[in-house]
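J.: The structure follows.
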Amino acid sequence: MAGDPLTAQLDAIRAGDRRALATVISAAENDPRVAARLDRELADTPRRARRVGLTGTPGSGKSTLLAELVKLLLERGHMTGGLLVDPSSPLSGGAVLGDRARLGRTSDPRLYVRSLGSRGGHGAVAAATRTAIRLLELWGADLVLVETVGAGQGDVDIRGLVDLTVLVVPPGLGDELQAMKAGIMEVADLFVVTKADRPGAAAAAAALKDAGIGGRARGHREIIETSALTGGGIVTLADHLMQQLEVTAVPAVVHSETVTPPPPPAPSAASGRLHETFDLTGRVAIITGATAGLGRRFAEVLHAAGASVVITGRRAERLQEVAAQLERAVVAPADVSDAEGRQAVVRAAIDTYGRIDVLVNNAGVSGPPVPSEEMPAQRWDDTFAVNITGLFEMARLAGAQMLAQRSGSIVNITSVFGLVANSPVNDSAYAASKGAVVNLTRALAVEWAMRGVRVNAIAPGWFPSEMTSDMVEDESSQTYIRRCCPMQRMGHQGELDGALLFLASDASSYCTGQTLAIDGGWTAR
Amino acid sequence: MSAPEPLVPRVLLTKSFIDSHDRAIKTIALALRDGGCEVILVDYETPSDVVDVAIDEDVDVIGVSFMSGGQVAVTQAIVTALGEAGRGDLPVVVGGTIRPFDVDDLESSGVRAIFRGGEKLERVVETFRDLAAESRRRRAE
Ligand SMILES: Nc1nc2c(ncn2[C@@H]2O[C@H](COP(=O)(O)OP(=O)(O)OP(=O)(O)O)[C@@H](O)[C@H]2O)c(=O)[nH]1
Ligand SMILES: [Mg+2]
């Protein structure tokens, strides 16, 4: 029917509108006639989701397990739906839908989770469960997980709704297991013993070995022990589910791309081709403060490793000079302490190359030594505006794109003086701002660790640059360096290349939140 | 045509994940359940989490419980985020440790009811049910 509100809402769901999805699930819950109509209309849509049911006695650990699975599925790129059924009170019709509390934070564009009261549905599922699964498929979920209300032995209806039924068994369920044998034990396709960190888990697993044949395949069922506490068994379980469901390929990440996305780091034997993990071919990197010195070098190094670079800095002509030497470079002049400038840089990267894989937050300022008691307020503010606020805002803007891609590496350039005091070259504003970068690096790293974005920092010691040019020839400066630096010299140009390439590339795929001091041993004593 | 199913109000009850005190919020949850409501109970990390869950769960009312801090700032952030998400119509109710000097700011930020403790549970349930019914009606229009 054209102009029919439900049809319009279904179109919206098909286009990915989660608000319409939520509303229509409610409509199905509230009115069985709506549910029946939806079932009819959605019967012909090509089925797109694999469905897994988690069932088991109350408190067996279903929600906790589902939470762990969801995390892993999102990480692997699945559009995931979760339906969490909790019991409705037969007296009041109300319900405390508590499963969701176990999931923690669920804000993710690829995840839709919905709590359902059983509302008199049979066999530990809600009457609207089937319809809700269909709607999730229409929305685009390729995996749907359904948690039943704490089920008893006879609650086998879940089997008719899903492709795989997982029976969740907590430790210490000896006698109950016996009692369950006839019902839910028979239809389970897989047994998971949860809380494997607790005593009695091995005994439960052993007891399940006697369950005999059953499940869809009328065969022996796998028994997997998991612990949400240690994370043990979760990957094994996910892999087993995927294999059983014959899920081979994960749908591609949706984003506008003109450059090939980076392949995931493949497990490989150590060989003569180890340097390939440092390869940046096809990657897109933004380098701030790239007009001269370290920043210019960083752009050249990433470019030499294969990346296309977007270089920014305040002096446009200098950027043009740098870009003229490079094959794949875009110039985006901007001051990182200026909001519009920052946005323009990130936009230039996305408009030109369609993605951002690396951000080198290099721009930074310092001033002549000044005793703290005489630090001008303006100097303090200006230092922070560039060294920390500008850096954070760049990380946020580029990070948003990286999070959408579910991959990216941010390299913040701090300083040894973010790790130790810079006496006698007093600049407390510089030291404080660089110290802030070290811990901001940790904070962002932990926040984004599960979302494909790594954040690390390099803390250079004294290197020749515009900022330090007067030190190179100055004898007292050199005496100071000889006294404080175990290697008794400044860094040479090129001595940051390795650290940068390591942190920017897949070579550091398991490294996040770290600050690598490249300082001739300055901070080692 | 048969009569439509009776309304089952859906309520989101939430508190900060840092707040370990959950006696109050659980008491309200059980009272609402016994009053025929479906209650989604979650902890939030950021105010925008509350909005995301409220939308996905298609709730009719949001109740935010406070024990330690953030009463005014968090409530304002939630109300603002709801507006930005186009759901400024969703009623927000706050409860728990609400200091006297927070009341004016909370009221002017647009919360529909404030429970500072000591109210009869029936009153609380009735308020949630009324707000839920009103919110549904407004959305149906
Ligand atoms: N030690 C330990 N405790 C766990 C583990 N998994 C779950 N739990 C605890 O077991 C209790 C019940 O977990 P839930 O995940 O809520 O169990 P459920 O089966 O979803 O419960 P209902 O939905 O109420 O039937 C909680 O207190 C969890 O913290 C685990 O792997 N190890
Ligand atoms: Mg549960």
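J.: Here's a check for you: in the stretch B:21-47, which residue that is more than 10 Å from chain A (Cβ to nearest Cβ) and touching a residue at least 24 places away in the same chain (Cβ under 8 Å) is surrounded by the most Cβ atoms within 10 Å (Cβ to Cβ)?
T.: Once the filter is applied, the top-ranked residue is B:ILE28.
J.: Another question about this same structure. Scan (1) on the phi > 0 side of the Ramachandran plot; (2) buried (at least 23 other Cβ atoms within 10 Å of the Cβ) for the single condition A:VAL411 breaks and write down its number.
T.: Every listed condition holds for A:VAL411 apart from (1).
J.: Take the residues in the stretch A:148-162 that are modelled with pLDDT of 80 or more and either away from ligand 1 (no atom under 12 Å from the Cβ) or away from chain B (no Cβ under 14 Å) (or both), then tell me which one is surrounded by the most Cβ atoms within 10 Å (Cβ to Cβ). Break it down stepwise before answering.
T.: Within the stretch A:148-162, the subset modelled with pLDDT of 80 or more is A:148-149, A:158-162.
The next check asks that each one be either away from ligand 1 (no atom under 12 Å from the Cβ) or away from chain B (no Cβ under 14 Å) (or both); those that pass are A:148, A:158-162.
Working: A:THR148: 30, A:ILE158: 27, A:ARG159: 20, A:GLY160: 12, A:LEU161: 19, A:VAL162: 23.
Ranking the candidates gives A:THR148 first.
J.: From the list A:ALA207, A:ALA228, A:ALA211, A:ALA238, which one is touching a helix residue (DSSP H, G or I) at 6+ places or on another chain (Cβ under 6 Å), in contact (Cβ under 8 Å) with a residue 60 or more places away in the chain and more than 14 Å from ligand 1 (Cβ to nearest atom)?
T.: Numbers: A:ALA207 fails: in contact (Cβ under 8 Å) with a residue 60 or more places away in the chain; A:ALA228 fails: more than 14 Å from ligand 1 (Cβ to nearest atom); A:ALA211 fails: in contact (Cβ under 8 Å) with a residue 60 or more places away in the chain.
Answer to the selection: A:ALA238.
J.: Before we move on, is A:THR383 among the hydroxyl-bearing types (Ser, Thr, Tyr), open to solvent by less than 10 Å² (accessible area, probe 1.4 Å) and on the phi < 0 side of the Ramachandran plot?
T.: Against the criterion (among the hydroxyl-bearing types (Ser, Thr, Tyr), open to solvent by less than 10 Å² (accessible area, probe 1.4 Å) and on the phi < 0 side of the Ramachandran plot), A:THR383 qualifies.
J.: If you don't mind, another one. Exposed (fewer than 15 other Cβ atoms within 10 Å of the Cβ), in contact with a helix residue (DSSP H, G or I) (Cβ under 8 Å, 6 or more places away or on another chain) and assigned to a loop (DSSP other than H, G, I, E, B): does that describe B:ASP105?
T.: no
J.: Right, here's the next one. Condition first: among the acidic types (Asp, Glu) and surrounded by 15 or more Cβ atoms within 10 Å (Cβ to Cβ). Now tell me which residues in the stretch A:301-337 satisfy that.
T.: A:ASP335
J.: Could I ask something else about it? Can you tell me which residue in the stretch A:83-114 is modelled with the lowest pLDDT, limited to those that are more than 23 Å from the chain's Cα centre (by Cα) and more than 15 Å from ligand 1 (Cβ to nearest atom)?
T.: A:PRO90
J.: Residues that are more than 14 Å from every other protein chain (Cβ to nearest Cβ), under 25 Å from B:ARG10 (Cα atoms) and not basic (Lys, Arg), at least 3 per element: which strands (runs of 3 or more DSSP E) completely within the stretch A:19-101 meet that?
T.: On the way: elements: A:50-55, A:80-86, A:95-97.
Here the list reads A:50-55.
J.: Can you confirm whether A:THR7 is surrounded by fewer than 18 Cβ atoms within 10 Å (Cβ to Cβ) and either more than 14 Å from every other protein chain (Cβ to nearest Cβ) or away from ligand 1 (no atom under 16 Å from the Cβ) (or both)?
T.: On the way: surrounded by fewer than 18 Cβ atoms within 10 Å (Cβ to Cβ): yes; either more than 14 Å from every other protein chain (Cβ to nearest Cβ) or away from ligand 1 (no atom under 16 Å from the Cβ) (or both): yes.
When the stated conditions are applied, A:THR7 passes them.
J.: How many of the residues making up the stretch A:286-300 are surrounded by 23 or more Cβ atoms within 10 Å (Cβ to Cβ) and small (Gly, Ala, Ser)?
T.: Adding up the residues that qualify gives 4.
J.: Please enumerate the residues belonging to the stretch A:125-147 that are touching a helix residue (DSSP H, G or I) at 6+ places or on another chain (Cβ under 7 Å) and away from chain B (no Cβ under 13 Å).
T.: Matches in the stretch A:125-147: A:VAL125, A:ARG130, A:THR131, A:ARG134, A:LEU138, A:LEU143, A:VAL144, A:LEU145, A:VAL146, A:GLU147.
J.: Can you say whether A:HIS122 is away from chain B (no Cβ under 13 Å), more than 30 Å from A:ALA404 (Cα to Cα) and part of a loop (DSSP other than H, G, I, E, B), as far as the supplied structure shows? So that I can check it myself, show each step before the final result.
T.: Numbers: away from chain B (no Cβ under 13 Å): yes; more than 30 Å from A:ALA404 (Cα to Cα): yes; part of a loop (DSSP other than H, G, I, E, B): yes.
Answer is yes for this residue.
J.: Same structure again: From the set of residues in the stretch A:107-117 that are at the interface with chain B (Cβ under 7 Å from one of its Cβ atoms) and crowded, with 19+ Cβ neighbours inside 10 Å, which is farthest from A:ARG19 (Cα to Cα)?
T.: This residue is A:GLY117.
J.: State whether the residues of the stretch A:237-253 include one that is hydroxyl-bearing (Ser, Thr, Tyr) and modelled with pLDDT of 90 or more.
T.: No, every residue in the stretch A:237-253 fails to be hydroxyl-bearing (Ser, Thr, Tyr) and modelled with pLDDT of 90 or more.
J.: Among the residues of the stretch A:37-46, are any at pLDDT 90 or above and either within 16 Å of ligand 2 (Cβ to nearest atom) or touching a Phe, Trp or Tyr at 6+ places or on another chain (Cβ under 6 Å) (or both)?
T.: So far as the stretch A:37-46 goes, no, none of its residues is at pLDDT 90 or above and either within 16 Å of ligand 2 (Cβ to nearest atom) or touching a Phe, Trp or Tyr at 6+ places or on another chain (Cβ under 6 Å) (or both).
J.: Based on what the data block shows, is A:GLY16 within 14 Å of another protein chain (Cβ to nearest Cβ), under 30 Å from A:ASP239 (Cβ atoms) and open to solvent by less than 60 Å² (accessible area, probe 1.4 Å)?
T.: Answer is yes for this residue.
J.: For the stretch A:470-516, give me each residue that is in a helix (DSSP H, G or I) and open to solvent by 50 Å² or more (accessible area, probe 1.4 Å).
T.: The answer is A:ASP470, A:VAL472, A:GLU475, A:SER476, A:THR479, A:ARG482, A:ARG483, A:PHE502.
J.: Scan the stretch A:72-113 residue by residue and report those that are of a type in the set (D, E, K, R) and more than 16 Å from ligand 2 (Cβ to nearest atom).
T.: A:GLU75, A:ARG76, A:ARG105, A:ASP108, A:ARG110
The values are calculated or read from the model by the stated rules, or taken from the named source; none is laboratory data. Please read all numbers here as calculations on a predicted model, not as lab measurements. Because the Cβ atoms are built from the backbone with ideal geometry, glycine has one as well, and the counts that use them run over all protein chains shown. For the accessible areas, the whole protein counts, side chains as well, though only heavy atoms, and no ligand, DNA or RNA atoms are used. Shrake-Rupley method; radii C 1.70, N 1.55, O 1.52, S 1.80 Å.
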